[in-house]
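The values are calculated or read from the model by the stated rules, or taken from the named source; none is laboratory data. Because the structure is predicted, anything quoted here is derived from the model rather than measured. Using ideal geometry, Cβ is built from the backbone for each residue, glycine included, and neighbour counts are taken over all protein chains shown. When the accessible area is computed, the model is the full protein with side chains, heavy atoms only, and any ligands, DNA or RNA have been set aside. Shrake-Rupley method; radii C 1.70, N 1.55, O 1.52, S 1.80 Å.
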Amino acid sequence: PPTPLPYGGYDDRRGRSWENGSRSLSNYKRRMQAAFEFFSKLGVRYYSASDRDFAPEGETWEETNRMLEETTSIACKLQQQSGVRPLYFSADLFSHPRYMNGAATNPEFHVFAYACAQVKRAMDMAKRLQAQNFVFFHPRDGYQNPLQRQIYRDIQHLGHLYRMAAQYKDKIGYKGHLLIQPKPFDPLRHQYECDAMSTMQILRHFGMERSYKLYIKPAWSRMMGRPYHHDVYMASAFSMLGLVDTADSYPEVNGTSDICAANVRDATIVMKCYMEQKVGLSKSGKAYGYGGFTLCCRVHRESFEPRDMFHGMILTMDTYACALKNAARMLSDGCFARNLQQRYISYKSGFGEKLDKGSTSFEECEEYIRSHGDAQVHSGRHEHHEQMFNYYVYPSLK
């Protein structure tokens, strides 16, 4: 006899028996069961989700919370069975129409208050699920037209949200990291947290830099016309790098930023920076610097079979696994470290050391130039370093 179809006999032409396209709670439960089966078959130990991935929004706040409570209990049982837990959890502050003009930066206080309540509920879920990180993602916190916004006031409200979240984290004893994901544009024309540097400036301005790290998506650096690795290096330089998103983008197509990573060279540059980070301790005594890598990529539109999702994830994992091996060889050999040390050797002693420590003045610099004349420059040897990098990315078969 034919094998009965699961989930009440539903099976569409794409073979996705877990998905009937509805926003019912029962469909969300089917998705969760299918997701954990997917994680187990991939052999991964972590997954990532938001509160709206767990359950739909109800007619009232109480109904929404009841559904979230029920699905969180299911997720906890599935985590125990599979050994998988969240790498990060987040609050969806952009999908619902109430957030069309922003969440924390919304001109209406009622929307801001609702966003705060939703973050509180999501942080409770993150603690219960034992998520390693809690991510803030604000694609609608920006402006379309400066004539309609008080920009500093908006950013100040964003700072208030981060302050309240850090306080609540300590209150409930949540041990995970708090991360912020910068986003350049879309759906709004201008995001306040458009890149790593602007986000770090907001945090430092409001004295929150010790409570947060950044969740960097290199694909968005590429979409802004910058190198794929740019924001990773900027965040790492200030000891603010947490998670890294492995998705890639098409630079010629704005808005396409979730394709599966296949460029081993780009991934190797990112992995090298990630592995070179100095791990320290925050005030809470928790180590920072190794937040991990998350797979946030979608298959192409013409790849519609369930197995294509496996191939897409495996492609990205293999790309970054190759990058990990390449970066490990680079760091083990130490060739780039020696070259960098040699290039900055003039700062090791004498007047260069004083400049490096910030203990000089304009007058002293002018006097030094009077005594020593014009500077002697040296080649940057750009082509040599590119060739060296290729040596590790594309090793000889010998």
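Structure summary
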{"item": "Qualifying positions in the stretch 370-387 - in a helix (DSSP H, G or I) and open to solvent by 100 Å² or more (accessible area, probe 1.4 Å)", "result": "Arg370, His372, His382, Glu383, Gln387"}
{"item": "Gln144 being closer than 18 Å to Phe89 by Cβ, touching a Leu at 6+ places or on another chain (Cβ under 9 Å), open to solvent by 30 Å² or more (accessible area, probe 1.4 Å) and not acidic (Asp, Glu)", "result": "no"}
{"item": "Condition met for Phe206 (at pLDDT below 90, over 15 Å from the mean Cα position of the chain (by Cα) and not charged (D, E, K, R))", "result": "no"}
{"item": "Considering residues of the stretch 57-90 that are in a loop (DSSP other than H, G, I, E, B), open to solvent by 10 Å² or more (accessible area, probe 1.4 Å) and of a type outside the set (S, T, N, Q) only, the residue farthest from Arg23 (Cα to Cα)", "result": "Gly83"}
{"item": "Whichever residue in the stretch 31-55 is crowded, with 19+ Cβ neighbours inside 10 Å and either free of Cβ contacts under 8 Å to residues at least 40 places away in the same chain or among the acidic types (Asp, Glu) (or both) and, among such residues, is nearest to Gln130 (Cα to Cα)", "result": "Asp51"}
{"item": "Among residues of the stretch 226-285, those that are closer than 30 Å to Glu302 by Cα and either part of a loop (DSSP other than H, G, I, E, B) or modelled with pLDDT under 90 (or both), counted", "result": "22"}
{"item": "Within the stretch 289-323, considering residues that are within 18 Å of Val232 (Cα to Cα) and open to solvent by 50 Å² or more (accessible area, probe 1.4 Å), the one modelled with the highest pLDDT", "result": "Phe293"}
{"item": "Residues located in the stretch 298-316, provided they are touching a residue at least 60 places away in the same chain (Cβ under 8 Å) and not in a loop (DSSP other than H, G, I, E, B)", "result": "Pro306, Met309, Phe310, Met313, Ile314, Thr316"}
{"item": "Test result for Met200, crowded, with 21+ Cβ neighbours inside 10 Å, modelled with pLDDT of 95 or more and within 19 Å of the chain's Cα centre (by Cα)", "result": "yes"}
{"item": "Index of the failed condition, Phe39 passing every other in (1) closer than 26 Å to Gln118 by Cα; (2) at pLDDT below 95", "result": "(1)"}
{"item": "Residues satisfying the stated conditions in the stretch 56-106, i.e. free of Cβ contacts under 8 Å to residues at least 24 places away in the same chain and either in contact with a strand residue (DSSP E or B) (Cβ under 6 Å, 6 or more places away or on another chain) or among the acidic types (Asp, Glu) (or both)", "result": "Glu59, Glu62, Glu63, Glu69"}
{"item": "Evaluation of Arg204 against (1) out of contact with any Cys (no Cβ under 6 Å at 6 or more places or on another chain); (2) in a loop (DSSP other than H, G, I, E, B); (3) farther than 22 Å from Ala122 by Cβ (one fails), failing number", "result": "(2)"}
{"item": "Flag for Lys213 being within 30 Å of Thr72 (Cβ to Cβ) and surrounded by 14 or more Cβ atoms within 10 Å (Cβ to Cβ)", "result": "yes"}
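Conditions tested, residue by residue: (1) touching a helix residue (DSSP H, G or I) at 6+ places or on another chain (Cβ under 7 Å); (2) loosely packed, with under 10 Cβ neighbours inside 10 Å.
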residue: Leu331; (1), (2): yes, no
residue: Leu340; (1), (2): no, no
residue: Arg343; (1), (2): no, no
residue: Ser346; (1), (2): yes, no
residue: Lys357; (1), (2): no, yes
residue: Glu363; (1), (2): no, yes
residue: Tyr368; (1), (2): yes, no
residue: Phe389; (1), (2): no, no
residue: Tyr394; (1), (2): no, no
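Let's see how each residue does on (1) touching a Leu at 6+ places or on another chain (Cβ under 6 Å); (2) within 20 Å of Gly242 (Cβ to Cβ); (3) among the basic types (Lys, Arg):
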position	(1), (2), (3)
Ile151	no, no, no
Lys169	no, yes, yes
Pro187	no, no, no
Gln191	no, yes, no
Asp195	no, yes, no
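Residues checked against (1) within 24 Å of Val244 (Cα to Cα); (2) modelled with pLDDT under 95:
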{"residue": "Ala35", "(1), (2)": "yes, yes"}
{"residue": "Arg45", "(1), (2)": "yes, yes"}
{"residue": "Arg66", "(1), (2)": "no, no"}
{"residue": "Met100", "(1), (2)": "no, yes"}
{"residue": "Phe112", "(1), (2)": "no, no"}
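Table: residues versus (1) in a loop (DSSP other than H, G, I, E, B); (2) at pLDDT below 95; (3) open to solvent by less than 10 Å² (accessible area, probe 1.4 Å).
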residue	(1), (2), (3)
Asp92	yes, no, no
Ser95	yes, yes, no
Gln156	no, no, no
Asp170	no, no, no
Leu188	yes, yes, no
